[in-house]
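Worksheet: one structure, shown below.
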Amino acid sequence: MHVQTTQTKRFAQNFKCCEWYFTEIDTITNDAYLTDEEKLAALDELEDKILTLAAPFLAVATTIKMNKGRMTND
């Protein structure tokens with residue numbers, strides 16, 4: 001991981017956001033009042049949200065990998 005990036009305020013905010021998602025996962029899976037179907041639905045919704053947030057970063061990472069691959073195959 002890039003050291004200067006991990007020391008930024010923005011990275012700290014993103015990290016805190018991820019911590020919240022881990023806490024939310026624990027809360028959902030340990031909720032005694034929810035049925036397994038309700039837990040699965042809540043986890044599916046949470047997964048959709050996080051993948052939507054991650055999509056732009058995944059697209060950039062894919063583009064970087066493609067460009068690196070093109071450069072090394074020339």
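The values are calculated or read from the model by the stated rules, or taken from the named source; none is laboratory data. Not measured: the values here are computed from a predicted model. Positions of Cβ are generated from backbone atoms using ideal geometry, with glycine treated the same way; all protein chains shown enter the neighbour counts. These area figures cover heavy atoms from the full protein model, side chains too; ligands, DNA and RNA do not enter into them. Shrake-Rupley method; radii C 1.70, N 1.55, O 1.52, S 1.80 Å.
For labels at residue 62 and residue 33 in the simple 7 Å Cα→Cβ model, what's the distance in nm?
Once both label points are built, they end up 4.0 nm from each other.
Return the lysines within reach of residue 16: Cα separation strictly under 19 angstrom, same-chain partners fewer than 8 residues apart disregarded; answer none if there are no such residues.
Correct list for residue 16: 49.
Where a Cα-Cα gap under 15 Å defines reach, which aspartates and glutamates qualify for residue 65, not counting those fewer than 8 residues away within the same chain?
Straight-distance partners of residue 65: 74.
Find the accessible area per residue for the chain; the probe is 1.4 Å, ligands and nucleic acids are left out, and the unit is Å².
Dividing the accessible area of the chain by its residue count gives 90 Å².
In terms of the ratio Rg/(2.2 N^0.38 Å) built on C-alpha atoms, what value belongs to region 7-74?
1.59
Run lengths n ≥ 4 of DSSP H only: what is the helix-derived mean residue ellipticity at 222 nm for the chain, with -39500 (n - 2.57) per run over all residues, to the nearest 500?
Helices in the chain give a 222 nm mean residue ellipticity of -29500 deg cm²/dmol.
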